[in-house]
Amino acid sequence: MPFTAEHDALRETVRDFVSKELRPHAEEWEAAEHFPNSVFERMGELGLLGLRYPEKYGGQGGDYFTAIVLAEEMARCRSGGVGMAITVQAEMATPPIFKWGTEAQKQKYLVPAINGTKIAALGITEPDAGSDVANIRTRAERVNGHWRINGSKLYITNGVRCDYILLVCRTGKQEDGAHGITLFLVDKELPGFTVSRKLKKLGMFSSDTAELSFNDVEVGDDAVLGEVGQGFYNLMWELQGERLIGSAGAIAGAEVAFEETLQWCKQREAFGRPIGAFQVNRHKLVDMYTDITVAKNFVYNVAEKWNREEYPVSEISMTKLVVGRVTSTVADTCLQLFGGFGYMAEAGISRYFRDSRLIRIGAGTDEVMKEIIAKTSLGL
Ligand SMILES: Cc1cc2nc3c(=O)[nH]c(=O)nc-3n(C[C@H](O)[C@H](O)[C@H](O)COP(=O)(O)OP(=O)(O)OC[C@H]3O[C@@H](n4cnc5c(N)ncnc54)[C@H](O)[C@@H]3O)c2cc1C
């Protein structure tokens, strides 16, 4: 097991926080399709937004498994959108700032993201480019010693409430594809940066998802993150972490759904016995338990490599693919075992059924994962 006594203590702290300060509000936040920004501040105060960043930036200096503990425990809050928003903040938008940011960028963007006073978003996807990241069209052009940004981004988590966005822009020609892309850190308050729409979704209700537009947004060279023209390659690194932590959270969500379903199957009676006593249902439970255990251990195995700063691209893609399969099956099977109640809005399982579908799309679809595995492992 990769977890030490320190990880166990962290788990206890997060579990306690989630059960006392998040879970009691889950229903209200789902109905409101929003949760308050004070959650970021509170988690910043508790040190949970900077678990693996150095202390000099306000972090806790932990290893990658501290992030896994957080992702796993956030899955217990019953509102998937909260965990997703926090993961974007701590594990998606900010790692590139820590890795490639100047000291000034770290002070301006990383430190307040760690203490929860600024909210971060990550802007890759566009109306005409999602899987095909190298084809993005949001442009940053050099004008009078500045960069002028024009374009739009779609499905951006934290997009409505963010204070800044890590924005993926084209700085080269369209035909340069992956070679002409650069990352920028763009403040929300800048003129020309607008939220065009807050989007309605199938699930993850409490997180905000936005369409954003950029009309002649001017930034200086100090907004460039990393090297001009290297954005695509830097982003590919970021996406590995995003897929791995997303998988850790998703399989933990499956485990929570399974635990609740197991309890239900022991209590709910039909034809004079608990429904879990029917062999067909017992076997369904065993199959889920086995699949979750195997997938979770694969996540840990790959996470150990990531923690050692290896770059297991193919295995990370496999992780996301397998976790997506397992969570889809678990969500469907658990809902079935809950019967009519499973279909009711008030049942946690119906929310899980909707929320869990995202893992097979966000941060790269199943099909994109297969393309990566085919290329990197099979030479196809
Ligand atoms: C709730 C939510 C939150 C999100 N948050 C963010 C965020 O914070 N930031 C961000 O930048 N993005 C975000 N996304 C976007 C997400 O990463 C993209 O939706 C995803 O990468 C797929 O891109 P697309 O929607 O453009 O689909 P498309 O690329 O249009 O794909 C459509 C279908 O075609 C398939 N397809 C595409 N190419 C191939 C191929 N080569 N071979 C086989 N099949 C293919 C896909 O697998 C898919 O099934 C979010 C999405 C959702 C739903």
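Rule-based calculations on the coordinates, nothing more; no lab input. Bear in mind the structure is a predicted one, so any value in this text is a computation, not a measurement. Here the Cβ positions follow ideal geometry from the backbone for every residue, glycine too, while neighbour counts run over all protein chains shown.
Take the residue pairs LYS153/LYS375; LYS20/LYS201; LYS320/LYS370; LYS201/LYS296 and return only those whose Cα atoms are more than 21 Å apart. Display every interim value, and only then the final one.
Values: LYS153/LYS375 28 Å; LYS20/LYS201 27 Å; LYS320/LYS370 10 Å; LYS201/LYS296 27 Å.
Check vs 21 Å cut-off fails for LYS153/LYS375; LYS20/LYS201; LYS201/LYS296.
List the residues, sorted by chain then number, that are 5 or more residues from ARG197 or on another chain and whose placed amide H is less than 5 Å from its amide H.
Here GLU211 satisfy the definition.
Quick one: which residues, 5 or more positions from LEU225 or on another chain, have an amide H under 5 Å from its amide H? H modelled 1.01 Å from N in the peptide plane, none for Pro or chain starts.
Amide H to amide H, under 5 Å and 5 or more residues apart or across chains, LEU225 pairs with LEU183, PHE184, LEU185.
Please list, in order along the range 352-367, the HN-Hα scalar couplings obtained from phi with the Karplus expression 6.51 cos²θ - 1.76 cosθ + 1.60 (θ = phi - 60°), rounded to whole Hz, x for Gly and Pro.
4, 4, 6, 5, 5, 5, 5, 4, 7, 10, x, 6, x, 6, 3, 5
Could you pull out every residue, at least 5 positions away or on a different chain, whose amide H is within less than 5 Å of the one on GLU126? Hs are placed 1.01 Å off N in the peptide plane, and Pro or chain starts have none.
The answer is LEU154.
In deg cm²/dmol and to the nearest 500, what is the mean residue ellipticity at 222 nm of the chain if only DSSP H runs of at least 4 residues count, each as -39500 (n - 2.57), divided by the residue total? If you can, show how the numbers build up before the last one.
On the way: 13 runs with 174 residues, N = 380.
Rounded to the nearest 500, it is -14500 deg cm²/dmol.
Using a basic spin-label model with each label point 7 Å from the Cα along Cα→Cβ, how many nm lie between THR4 and GLU141?
5.4
Count the net charge of all other residues whose Cβ sits under 13 Å from the Cβ of MET288, scoring Lys and Arg as +1 and Asp and Glu as -1.
Details: positive: ARG282, LYS284, LYS296, ARG325; negative: GLU255, GLU259, GLU260, ASP287, ASP291, ASP332.
Every neighbour counted, the sum reads -2.
Starting at the first residue of the range 208-225, write each ³J(HN,Hα) from the Karplus equation 6.51 cos²θ - 1.76 cosθ + 1.60 with θ = phi - 60°, in whole Hz, x for Gly and Pro.
Listing the rounded values in order: 9, 10, 10, 9, 10, 10, 10, 10, 6, 7, 9, 9, x, 5, 5, 8, 6, 9 Hz.
With θ set to phi - 60° and the Karplus curve 6.51 cos²θ - 1.76 cosθ + 1.60, what are the ³J(HN,Hα) couplings of the range 78-94 in order, to the nearest whole Hz, using x for Gly and Pro?
Calculated HN-Hα couplings, in order: 6, 9, x, x, 5, x, 5, 4, 5, 5, 4, 5, 8, 10, 10, 7, 8 Hz.
May I ask you to list the lysines whose Cα is less than 20 Å away from that of LYS108, ignoring any residue fewer than eight positions away on the same chain?
By straight Cα distance, LYS108 reaches LYS56, LYS99, LYS118, LYS188.
So what's Rg/Rh here for the range 10-156, counting alpha carbon atoms and using the Kirkwood radius for Rh?
Working: Rg = 17.0 Å, Rh = 16.7 Å.
That ratio equals 1.02.
Which number do you get for Rg(Cα) / (2.2 N^0.38 Å) in the chain? Walk me through the intermediate numbers first.
Details: Rg = 21.0 Å, N = 380, 2.2 N^0.38 = 21.0 Å.
That ratio works out to 1.00.
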